[in-house]
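Let me give you the structure first, and then I'll get to my questions.
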Amino acid sequence: MLYTNNAPHMTLDSYNVARCVPTAFAGGTTNARGDNDGTSDPYTLFTVTGDVLVRIFGVCTTTLLGNSATIEVGVAGNTAGLIAQETATDIDANGIYLSATQVAGTVALATVPGPFLIVNGLDIIETIGTADITAGNIYYVCLWRPLSPGAKVVPTTSG
């Protein structure tokens, strides 16, 4: 049986777009985004309902700072499952965070990670490892399709 979404803007060859624009990293502040092992680590980027197919990438607006800090995007139990771990200081302004190597400024859609299947409403999270990310910012874009009735992806912070 083929599941179809009744949204008028949705076809089987298109994606819905969700954009999460969190506050800047401030890992030197207890429990702020970027505080390794603080209450905001992991940071929930997107709340997922049901089963979805996704492609995801990050856009760095301000170069990241944090000696030996790492960053990755995934789901609980597979924290680097969507975007591989990268050393934070290797992510620069205007970089597109796709994998363990960022791309400067532009990239073909075919190179954006995915499509990935996310099941049972597992939320998409950003995890900081090793040390704090003390400054910088990345926002994320999630291209998604529903695979089960009522499935959706909602950014936790939009802009």
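List, in order, the whole-Hz ³J(HN,Hα) value for each residue of region 82-87 obtained from phi through the Karplus relation with A = 6.51, B = -1.76, C = 1.60 and θ = phi - 60°; use x for Gly and Pro.
Each residue of region 82-87 in turn: 9, 10, 4, 4, 9, 5 Hz.
With +1 on each Lys and Arg Cβ and -1 on each Asp and Glu Cβ, and nothing else charged, work out how big the dipole of the chain is about its Cα centre, in Debye to the nearest 20.
In debye, rounded to 20, the chain gives about 520.
Can you give me the accessible area per residue for region 93-159, using a 1.4 Å probe, in Å²?
Normalised by residue count, the accessible surface of region 93-159 is 45 Å².
The values are calculated or read from the model by the stated rules, or taken from the named source; none is laboratory data. Just so it is clear, the structure is predicted and the values come from calculations on it, not from any experiment. Please note: Cβ atoms are built from the backbone with ideal geometry, for glycine as well, and neighbour counts cover all protein chains shown. Side chains are part of the model used for accessible areas, which takes the heavy atoms of the whole protein and leaves out ligands, DNA and RNA. Shrake-Rupley method; radii C 1.70, N 1.55, O 1.52, S 1.80 Å.
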